[in-house]
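What follows draws every value from the coordinates through simple rules; no lab data is involved. This is a predicted model, so every value here is computed, not measured. Cβ placement follows ideal geometry from the backbone for every residue including glycine, while neighbour counts extend to all protein chains displayed.
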C-alpha cells in the first residue's frame, strides 16, 4: 500500500463542522484549503453565548479549534473568501476562489467537504408576530447577543421584566413550506429562557410550546431543570398574535391544557425561527455535483451518510439542523471519508 | 390574591402565583414537576364524573385559579383513593392538594355546588361521629330521604342486600369516645 500525501482537500465553511473536518484531514497529513466567507472562523457556534446541555461557553470550544488549526501546517485558512466556480478534471476539482479584494485564486482539490451551515428563516412572513415591526420581537440568534449584553456590567434600567419565547416559528408549519421540526429549538429555547432567569432574576420567562423534544443525553434533565429549578413557565399552545399595549407587548394564545384563551404581557418576544439552508448552498452544491433535497439541504448518496457526490462530502447544518456536538462529529466523520478516499487500495475478492 | 376576571382572557402575568407557592410550602407538593401527561386522570376512579379532572386541577394550581378550585364539584366527589399519586411519574400528591383545598373551602365557607353532595358528606361524617364507622345501608337510605330520591339505587341495594353485601344495621366500633376526641380536634367542630 502506498500513501499519497500529495492529495489535497477543500473544505467550504469554517464553522464547527468545517473546522473539525479540516483538523482531522490536516492531522492525517494532507493539505487542506479551509475557505470561509466571513473574516473569522467559528460560524454560528462562535456567536452563541452559551451551549446546552451543560451551560458551556461555546467560545472556548471555537477558540480551542482555531488554536488547533493554527498549529497544523497543512491547513491553509482562507477567510473572506468564497467559491466562485468549480469544474471537474478527472477525479479532482479545479476551483476558483474569490478573495475580498476581488482576486481569484485557482486551486486543485481531490476531495471537497461542504460545511456551509444554516441560517434562520425570515420570520417577518408571520405578520401576526410582528418581527421587523416591533423592535422587541427578535429571533433566537439576535437574542444570544442580548444575553451577552445583559451578562456584562451596565445599567439594568432598560432590561425586560418579562420575556415570551415562541417555539416552532416556521417549523412544523406546512402553510409556510416547512413541515419539518428544526430539531434544536426546544433545547436552545430552554437554554435561553434559563439564562434569562439567571441574568435577570426578577424577570418572568414564558415558553410557548406544542411539546418539547429533548432526545439526547442529559437533554430531558436539562429542560426539566429549567422548569423546576429556574422556574421558567412553560405554556402549552402556539401563540396566535402579538399586540402592542401601553408600550409593552401582549401575547395571545390558548392554554391547550385547560382549553382556555390566555394572554400575557411581556417586554420582549423571542422567536425560535426555523433552521433553513443558507441561500448559496444549493448553487454551491450544483457546482460540485452534490445532491440537495427539496428544501436546499445537502442530501447524502445511498448508504453513505457523509457523501453527497463523487469525491464530495458534507458536514454540519448544511445537511440539516444539528447541535454543536453533532456538527463536530459530522466534521470528523466527513474527514474520515476523505482520508479513506485518499488511501483507497484495490479491493480483491476475499 | 388577584381575582381572575372571567370576562376577559386570563392574563398570566396578572395571576398571583402565591397558590402554587402556598401548596408547595404547606403541602410539600411541587406542581412544577408535572409532565402534563394525564396519567392521573387516566387512572382516576372518578374522573368520568369530575367537572375538573386531576391533570386540570394541577394545571389550575399553576394558573392560580383558586376560585375555580374552591368551587369545583370534583373537590367533593374525589374519594382520595390515591390512584393518581400512585401512578404519577413525578409522584405529585394530588389528594394532598384536594385535602388542602377542601380545608380552605370550609374555612372560607365555600359550599359544594350541589346540595346532595353537602348532605352526603354531612351524613357520612355524622355516621362516623356516632358509630366510628360508615354504615353504607343507613347512609344510602338517609341520603335518599334527605334528597327526596326515595327509590334511587333501590334495585341495586336490594340485590346487594340479598347477597349479604349490605348490613342494614349500624354497628359501633369499640371505643367511640376516641373517635369523638378526634372530631373535637378538627377545625370544623360542629359538622366535622
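Restricting to bridges with both residues inside the protein assembly as shown, how much of the DSSP beta-bridge set is antiparallel, in percent to the nearest 5? Numbers along the way, then the final one.
Details: 35 of 71 bridges.
Expressed as a percentage, antiparallel bridges in the protein assembly as shown total about 50.
Take the Cβ-Cβ distance between residue A:124 and residue B:39 as r, set R0 to 60 Å, and report the resulting FRET efficiency rounded to the nearest 0.05.
Plugging the Cβ-Cβ distance into 1/(1 + (r/R0)^6) gives 0.90.
Consider just the alpha-carbon atoms of the protein assembly as shown and return their Rg together with their Dmax, both in angstrom.
Computed over the Cα atoms of the protein assembly as shown, radius of gyration and Dmax are 32.6, 105 Å.
What number, in percent, do you get for the relative contact order of chain B if the mean sequence gap of Cα pairs under 8 Å and at least 6 apart is divided by its residue count?
Worked out over chain B, it gives 16 percent.
What is the average number of partner chain Cβ atoms found within 10 Å of a Cβ in A:259-267?
Average per residue, whole number: 4.
Can you tell me, using C-alpha contacts under 8 Å and at least 6 residues apart, the relative contact order of chain A as a whole percent?
Reported as a whole number, the value is 21 percent.
Please rank B:49, A:69, fewest neighbouring Cβ atoms within 10 Å first, as an exposure proxy.
Result, fewest neighbours first: B:49, A:69.
Considering chain A as a Gaussian network with a 10 Å cut-off on Cα pairs, which listed residue, A:258, A:187, A:268, attains the greatest mean-square fluctuation?
Highest fluctuation among the options: A:258.
Specify the inter-centroid distance of the range A:190-265 and the range A:106-168, based on alpha-carbon positions, in whole Å.
The distance from the Cα centre of the range A:190-265 to that of the range A:106-168 comes to 17 Å.
Expressed as an acute angle from 0 to 90° and rounded to the nearest 10, what is the orientation of the C-alpha long axis of helix B:115-131 relative to the principal long axis of chain B?
60
I need A:295, A:33 ordered by Cβ neighbour count within 10 Å, fewest first. Please list the in-between numbers first.
Working: A:295 17, A:33 22.
The most exposed by this proxy come first: A:295, A:33.
Modelling each spin label as a point 7 Å along the Cα-to-Cβ direction, I'd like the residue B:152/residue B:117 distance in nm, to one decimal.
Simple spin-label model gives 1.3 nm for this pair.
Among rounded, prolate and oblate, which fits the range A:121-275 when a ≥ b ≥ c are the square roots of the eigenvalues of its C-alpha gyration tensor, a/c under 1.5 means rounded, and a/b larger than b/c means prolate?
On the way: a/c = 1.34, a/b = 1.09, b/c = 1.23.
Rounded, since a/c falls under 1.5.
For a quick protection proxy, order the peptides B:150-159, A:331-340, A:246-255 by their average other-Cβ count within 10 Å, most packed first.
A:331-340, A:246-255, B:150-159
Sticking with the crude label model, points 7 Å out along Cα→Cβ, report the distance from residue B:18 to residue A:294 in nm, one decimal please.
Placing both labels 7 Å beyond Cα along the Cβ direction yields 5.5 nm.
As a footprinting exposure proxy, order B:160, A:41 by other Cβ within 10 Å, with the fewest listed first.
Sorted ascending by nearby Cβ count, the order is B:160, A:41.
Along Cα→Cβ, 7 Å out, is where each label goes; now give me the distance between the ones at residue B:48 and residue A:347 in nm to one decimal.
Placing both labels 7 Å along Cα→Cβ, they lie 6.2 nm apart.
Apply the a/c threshold of 1.5 to the C-alpha gyration tensor of the range B:115-185 and tell me whether it is rounded, prolate or oblate.
Cα axes put the range B:115-185 in the oblate bin.
Between residue A:88 and residue A:6, what is 0.36 nm times their sequence separation minus the Cα-Cα distance? Round to one decimal in nm. Let's see the in-between values first.
Numbers: separation 82, 0.36 × 82 = 29.52 nm, distance 1.79 nm.
Result for the pair: 27.7 nm of gain on full extension.
On the Cα set of the range A:162-211, report Rg and Dmax in Å, please.
Calculated on Cα positions, Rg and Dmax stand at 12.5, 39 Å.
How high is the relative contact order of the range B:18-107, in percent, counting Cα pairs under 8 Å that sit 6 or more residues apart?
Result for the range B:18-107 is 33 percent.
Return the calculated 222 nm mean residue ellipticity for the protein assembly as shown, to the nearest 500 deg cm²/dmol, obtained by summing -39500 (n - 2.57) across DSSP H runs with n ≥ 4 and dividing by the residue count.
So the helix-based figure for the protein assembly as shown works out to -10500 deg cm²/dmol.
Give me the extension gain from residue A:156 to residue A:76: residue separation times 0.36 nm, minus the current Cα-Cα distance, reported in nm with one decimal.
So the extension gain works out to 24.4 nm.
Just the Cα atoms of the range B:7-76, one point each, no solvent: what log10 I(q)/I(0) does Debye give at q = 0.21, 0.22 Å⁻¹?
-0.99, -1.07
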